[in-house]
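Presented below is the structure to which this report refers.
The values are calculated or read from the model by the stated rules, or taken from the named source; none is laboratory data. Note that the coordinates shown come from a computational prediction; the quantities given were computed from them, not determined experimentally. As a convention, Cβ positions derive from the backbone with ideal geometry for all residues, glycine included, and neighbour counts pool all protein chains shown. Heavy atoms of the whole protein, side chains included, go into the accessibility calculation; ligands, DNA and RNA do not. Shrake-Rupley method; radii C 1.70, N 1.55, O 1.52, S 1.80 Å.
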Amino acid sequence: MEKREVELIRLVSLVTQQSGDLLQEEVATALAQGLAPEEILEAIYQCAPYTGFPRTVDAVEIARSVFKAKNVKVDENRATVTAQSRLQAGADAQGTLFGQTFRDMAKNGKSGMPTINYFLASNCFGDYYTRKGLDLNTRELLTMAILVNLGTEPQLKAHIGANLKIRTAEYVEQAIYNCLPYCGYPRTLNALRLLKEAVAEAKAGAVNAADTKVAEQGRSVPGKDWSVFPVGKPNDAYAKFFVGKSYLDMISKEQVGVGNVTFEPACRNNWHIHHAKKGGGQILIATAGRGYYQEWGKPAVELKPGDVVNIPAGVKHWHGAAPDSWFQHLAIEVPGEGGRNEWLEPVSDEDYGKLK
């Protein structure tokens, strides 16, 4: 796992277990490991809907005492919603993670539960998941870790399922193991059992889906004659930023970075932005299969071998495979000053389902 995410899991585990002294040490450790104070506070805030306000408030005070002792400044402007927009923003976050049904749950939820459905959408997801400081995928990982520590099985299984849409089963398993020192063996073993069940259900769902042909045949890695470039190794380092499985083979690491990325059918990366103070951006060259590229606010563009896409710095976009085809492209990093990638929310199943 990424060191950053391990540190964040430790933080939320200690908040959940109400271990004040160890939390104080962990906040200092997280700062030393390079985590921003905003990330630390947002991880603690993420606990509030699950552990309650008393534990969260105590943890916030502990973190702020460490910041004060180390003279660490914090940017407090991290909210993104208003009283008017929080419900819709929360419903959108739910829909992105759990599917279209959840987008309408606040209004058309389970019979007899309109109040809790409203607060889940507006507060749990609207007020917390939309905040700056941590991206949507990281918050969902931390929610799973919090629930592992709490041992709340029905809710935990649902959030394990959401994480399996973002990350590999192996990555989720490692996240659960990182909770072990804080919650003990019984809750860890229960979480691992739920992971096994969720993986089996996800596989069963794929086989029984309308695209059975893709589920049965499309997941087989293409042969060596499919492309002049190799498929590469599983792209585990970036798996959390993809829906589905991808593979990576770095063609060049000198002068200009060139990565050969292969997507299994229906795999796509999250919305993201290539930032740069000057220059920067990315060039895509489709080499095999069929895929799509889409810029925010514009229709998706189909990509076939030989197609080229120029992506300027600062443009929000995604790219990936078609629902029924493997896809491969070269991703060329355009040199620039102060370049960095900002990973954002996944492409929703609803939006992706409109493609053919």
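Considering the values (i) 179; (ii) 164; (iii) 154, which represents volume of the Cα convex hull per residue in Å³ as calculated for the structure under consideration?
After the calculation, the listed value that fits is (iii).
Leaving ligands and nucleic acids out of the surface, order Glu254, Glu26 by accessible area at 1.4 Å, largest first.
Result, largest first: Glu254, Glu26.
What figure in square angstrom, to the nearest 10, would you give for the accessible area of Glu342 with a 1.4 Å probe?
70 Å²
Can you tell which of Gln84, Gln282, Gln94 shows the greatest fluctuation in a Gaussian network model of the chain with Cα springs below 10 Å?
Gln84
Quantify, in whole percent, the carbon and sulfur part of the accessible surface of the chain (1.4 Å probe; protein heavy atoms only).
Here carbon and sulfur together make up 53 percent of the probe-accessible area.
Ranked from the most accessible area to the least, with a 1.4 Å probe and all protein chains present, what is the order of Leu22, Leu141?
From most accessible down to least: Leu22, Leu141.
Considering only protein heavy atoms, what per residue accessible area in square angstrom results for segment 259-330 with a 1.4 angstrom probe?
36 Å²
Keeping all protein chains in position, work out how much accessible area Val81 exposes to a 1.4 Å probe, and write it in Å² to the nearest 10.
For Val81, the solvent-accessible surface is approximately 40 Å².
How many nm is it between the label spots at Arg78 and Ile251, if each spot is 7 Å from the Cα in line with the beta carbon?
The answer from the label model is 4.0 nm.
Only helical DSSP H runs with n ≥ 4 go in: add -39500 (n - 2.57) per run for the chain, normalise by residue count and round the 222 nm mean residue ellipticity to 500 deg cm²/dmol.
Mean residue ellipticity, 222 nm, calculated: -12500 deg cm²/dmol.
Calculate one ³J(HN,Hα) per residue across segment 333-341 by plugging θ = phi - 60° into the Karplus curve 6.51 cos²θ - 1.76 cosθ + 1.60, and present them in order as whole Hz with x for glycine and proline.
Once rounded to whole Hz, the list reads 7, 7, x, x, 9, x, x, 7, 9.
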